[in-house]
Amino acid sequence: MIDFDRVLDVLQAALVLALQLSIPVLVAVIVVGIATSLIQAIFQLQDQSLSLVPRMIAVALVLALMAPTMLEWIVTFTRDSFQASADFLSGG
């Protein structure tokens, strides 16, 4: 019999992990986007590529700086998921 509470716990943990992984990147994109939009408005620049390139650089920097932490979160989640499934399959 499937224990739906355990399934929901794993799904909830997966959603929390997805939020943890995406929030630093989203914050960087929002901050850089607002800054570049402000600069474009001040100098009356209309080129869309001026806002795209800084965002891409910001995403690359955030991913490069946060990669060890993000990988640690993923490995911890995976380890906990495997342990939970092993406990469930062994009847625990």
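The values are calculated or read from the model by the stated rules, or taken from the named source; none is laboratory data. Computed from a prediction, not measured in an experiment: that's the story for all the values here. Here the Cβ positions follow ideal geometry from the backbone for every residue, glycine too, while neighbour counts run over all protein chains shown. Quick note on the areas: whole protein, heavy atoms, side chains included, nothing else; ligands and nucleic acids left out. Shrake-Rupley method; radii C 1.70, N 1.55, O 1.52, S 1.80 Å.
Could you tell me what % of all Cα pairs in region 51-92 have separations over 14 Å? The share of Cα pairs beyond 14 Å in region 51-92 comes to 64 percent. Heavy-atom surface analysis with a 1.4 Å probe gives region 1-75 a carbon and sulfur content of 77 percent of its accessible area. Only Lys, Arg, Asp and Glu carry charge here, each on its Cβ (+1 for the first two, -1 for the last two); on that basis region 1-89 has a dipole of about 360 debye about its Cα centre. Entry comment: accessible area of the chain is 77 Å² per residue, from protein heavy atoms only and a probe of 1.4 Å. So what is the orientation-averaged projected area of region 6-49, using the convex hull of its C-alpha atoms, in nm²? The Cα convex hull of region 6-49, projected and averaged over all directions, gives 3.8 nm². Where (1) 33, 32, 30; (2) 66, 25, 15; (3) 42, 30, 26 are the candidate values, the label of the one calculated here for Cα extents along the principal axes in Å is (2).
If you fit an axis through the alpha-carbon atoms of helix 4-43 and take the longest principal axis of the Cα set of the chain, what angle between them do you get, 0 to 90°, nearest 10? That helix lies at roughly 10 degrees to the long axis.
Placing a label point 7 Å from the Cα of THR76 along the Cα-to-Cβ direction, the residues of region 1-44 with a backbone N closer than 15 Å are 13-22. Placing a pseudo-label 7 Å from each Cα along the Cα-to-Cβ vector at SER49 and ALA84 gives an inter-label distance of 4.7 nm.
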